[in-house]
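For reference, the structure discussed in these notes is given below.
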Amino acid sequence: MFFVVLSAQAQTKMTAAEASDLKMKVKTLANNVQTISSDFVQFKHLDFLDNDIKSSGHLTFKAPDWVKWAYTAPFEYAIIFKESKIFINDEGRKSDIDVGRNKLFKQLNNLIISSVKGDMFDEDKFHMEYFKTEDGSLVYFSPKDEKLAQFIKSFHITFNEHADVIEVKMIEHSNDYTKIIFSNKSLNQPIDEAVFNH
Amino acid sequence: MKRFLTISLICIFSACASYSKKQGFTVIDSEDSIINPYFSNLDKDYVYKAQIEVYDKVFGGLFIVKKMGSGSHRIVFTTEMGNKIFDFSFEKEVFKVNYILKDLDKKILINLLKKDFKVLVTEDIRSMKAYNSAEDTVHQTIIDNQDYYYFIGEKLHKIVNVKHGKEKIVFEFYKIEDHVSKHILIEHLNIEFKMTLKSIN
C-alpha cells in the first residue's frame, strides 16, 4: 500500500500545455536522430512467475529504418530489421524472413523504431495520456488499430529531462509486460554499417 | 489364404513384435511408480532458450514452465523480444489454451504440443511393466492412451513414445543438476519436428 501511494504521488497528469511542450521536444529530437547506440536490459514480466526474466544486450539504430537488437546475456541472439527483411542470428544459426508483403510486420517494425525514438504521437493511431514523473515524463500510448491492439494493450514510454527515451514498457492484454531500460545511450555518433551485416 | 495367414503371423511375431522385445529388454519386478522430477518444484521458474525446427523452418524463443500446484502447470512460449506466442495451462486433467498467436491457432499443432508438454510435466508415473535393458531400467506406462517407455539409469534420461512397436517421439534429458534438466531434446521421428531447450536461469 505504501508503494502504491508513493507511485501515485510520483506520477501526475500533465496539463495540455505541458503535454504539447513534451511532444514538440520529443519530435524535434527524434527528427534529428540519425543513429542510436545503446545498451539495454529487458525484463519480461509474467504474472505467474516468481521473478521477471532478465536479458540484456545492445541496440543499434540507423535512420531511416535499420534496427539491430543484439542480446548477449543470458543467450546470444541478434535480430536485424533492414529493408523489409528480418535477419536472425540465433547462437550462430542464421536465418532471414522477407516481410516485404507482411503489412503487420512492417507496422510492428515502424512501431519499434518509433518507440525507440519515442515519437509515437499519432492521434489517428493511439490514445495518449501524459504524466510528469520525478525526473522526466511518461506517456501512455494505447493502439487504436484492432490488429495491433491484439498484441499490445499499451506502450508506456519514459523520457528523461532531454526528452530522450530511457524506458519502453509494452503491456499485453493479460497485463503481462516487457520492459526495456536503456543505458549508455549515444545519439548521432558514426556507426559502422557492418554492424547490420548478417 | 494360407499365405496371408503366414504373412500375418510373421508380422505378429517379427516386424510387429512389441517394442520391448525388439529392444531386447528382459522383464523384471520393480516398484509401481516412478517420478519425473524435472518440472516439479513449485518455487522454481523454469526458463529455457528454445529452438523449434519444423520441416525446413526454425523458430527461436523462450520456453517457460511454472508448476502452479499439485498436477498443475503453466507453459508459455515467447519470442526473445518478449512477444507471447502461446500460453497453455494444465490443471489436473484439464488443458486450456490461454493464448495462441492467430497464425498458429491450428488444432493439429495445439494437439501435438499438448501431447508433448503433458509428458514433460507429468510427475507421477504408474509403471505398468518394468524391464532391464543393457544400461537402464525401463518402465512402460500409458499417458492419454499412448504407450511410453521411461529409461532410468542413474536418473531418468529418456522417454520414448511408441506406436505399433516403433519409436514415435523421443524426449531426452541432459545436464541434470538438482532435479533440473538443463538441456532437453524433444524429437518426433515420424514428422520433421524437433525442439531443443537450454536452461538460462
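Quick look at the values:
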{"read-out": "Label point distance in nm, A:ALA16-A:ASN31, each placed 7 Å from Cα along Cα→Cβ", "value": "2.3"}
{"read-out": "Zero-based 10 Å bins, Cα pair distances in the stretch A:4-118, whole percents", "value": "11, 30, 33, 20, 5, 0"}
{"read-out": "Two-decimal ratio, the stretch A:58-163, of alpha-carbon radius of gyration to 2.2 N^0.38 Å", "value": "1.20"}
{"read-out": "Chain A - Debye-derived log10 I(q)/I(0), Cα point model, q = 0.16 Å⁻¹", "value": "-1.17"}
{"read-out": "5 Å-binned pair-distance histogram of chain B (Cα, whole percent)", "value": "1, 7, 14, 18, 19, 15, 10, 7, 4, 2, 1, 1, 0"}
{"read-out": "Residue order, fewest to most surrounding Cβ atoms within 10 angstrom, among B:ILE191, B:ILE108", "value": "B:ILE108, B:ILE191"}
{"read-out": "Quotient of Cα Rg and 2.2 N^0.38 Å for the protein assembly as shown, N being how many residues it contains", "value": "1.21"}
{"read-out": "C-alpha long axis of helix B:2-13 to longest principal axis of chain B, angle in °", "value": "50"}
{"read-out": "Trypsin sites (Lys or Arg not before Pro) restricted to the stretch A:95-163 and DSSP loop, no more than 11 other C-beta within 10 Å", "value": "A:ARG101"}
{"read-out": "Sum of -39500 (n - 2.57) over DSSP H runs of 4+, divided by residues of chain B (222 nm, nearest 500)", "value": "-4500 deg cm²/dmol"}
{"read-out": "In degrees, nearest ten, helix A:103-117 long axis to first principal axis of chain A (Cα)", "value": "60"}
{"read-out": "Low-density loop positions, GluC sites (Glu not before Pro), the stretch A:29-135 - DSSP coil, at most 16 other Cβ in 10 Å", "value": "A:GLU76, A:GLU83, A:GLU91, A:GLU123, A:GLU134"}
{"read-out": "Per residue Cα convex hull volume in Å³ - calculated over the stretch B:82-180", "value": "142"}
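Values quoted throughout were computed directly from the atomic coordinates according to the rules given, and no laboratory measurement underlies them. Worth saying up front: this structure is predicted, and the values here are computed from it rather than measured. Glycine gets a Cβ as well: all are built from the backbone with ideal geometry, and neighbour counts include every protein chain shown.
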